[in-house]
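The values are calculated or read from the model by the stated rules, or taken from the named source; none is laboratory data. Note that this is a predicted model, so its numbers are computed, not measured. For neighbour counting, all protein chains shown are included, and Cβ atoms are generated from backbone atoms with ideal geometry for every residue, glycine included.
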Amino acid sequence: MIRLTLVAVCFGLASSAHAAEVPSHAFFSGNDAHQWCQRDKAMAQSYVAGLYDMAAHGAAVIDDTRNYSKDIPKNDAQVDFALQRIVGYCKPQQATLEQVTDVFCKYLKENPAKRDGLPAIMFSESLTAAWPCPARRHGRARVVRNSPCRSSSTASTV
């Protein structure tokens, strides 16, 4: 009986967590971003540039926690996991903001069931699907710290 109750509770929590994809403190959903893709390309590009720059910043901050202190001497696996969640993509250096926006907008169009969620999550998923990183040889991520959305900069790679 206890097992059945635990299973029911777990399913209930999973269902409510999935249904509430966009936290109440989020400004926009994927539906908002999809509307910009359809009607206001400049707004879509501005939003994508912000998502990309924030992902690059988040990746740099996360990478700085690698072996941060003697209390956490070997945390490479945790850092790599977090980096994969934030920037699991390897955008080609020559890819422009317009191309990144096209990739994101195409993903939103092709995945309407996910559009009620957070755009930042769908953004990472879209770029990872379009530009997956090659297999790692040494298991360690590398983060390039300049803004990847600018056409002259290099890509964030993990």
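Residues in region 69-95 that are surrounded by 14 or more Cβ atoms within 10 Å (Cβ to Cβ) and part of a loop (DSSP other than H, G, I, E, B) were compared, and the one that is nearest to the chain's Cα centre (by Cα) is VAL87. Checking the condition touching a Ser or Thr at 6+ places or on another chain (Cβ under 8 Å), among the hydrophobic types (A, V, I, L, M, F, W, C), on the phi < 0 side of the Ramachandran plot and at pLDDT 80 or above, which residue from ALA49, ALA77, ALA56, ALA60 passes? Matching residue, one of ALA49, ALA77, ALA56, ALA60: ALA56. Which of the numbered conditions does ALA113 fail, given that it passes all the others? Conditions: (1) out of contact with any Ser or Thr (no Cβ under 9 Å at 6 or more places or on another chain); (2) buried (at least 20 other Cβ atoms within 10 Å of the Cβ). Of everything listed in (1) out of contact with any Ser or Thr (no Cβ under 9 Å at 6 or more places or on another chain); (2) buried (at least 20 other Cβ atoms within 10 Å of the Cβ), ALA113 misses just condition (2). Beta carbons closer than 7 Å, at least 6 apart along the sequence or on distinct chains, pair a first residue in region 26-55 that is touching a residue at least 24 places away in the same chain (Cβ under 8 Å) with a second that is aromatic (Phe, Trp, Tyr) for ALA33/TYR47; ALA44/TRP36; TYR47/TRP36; VAL48/PHE104; LEU51/PHE123.
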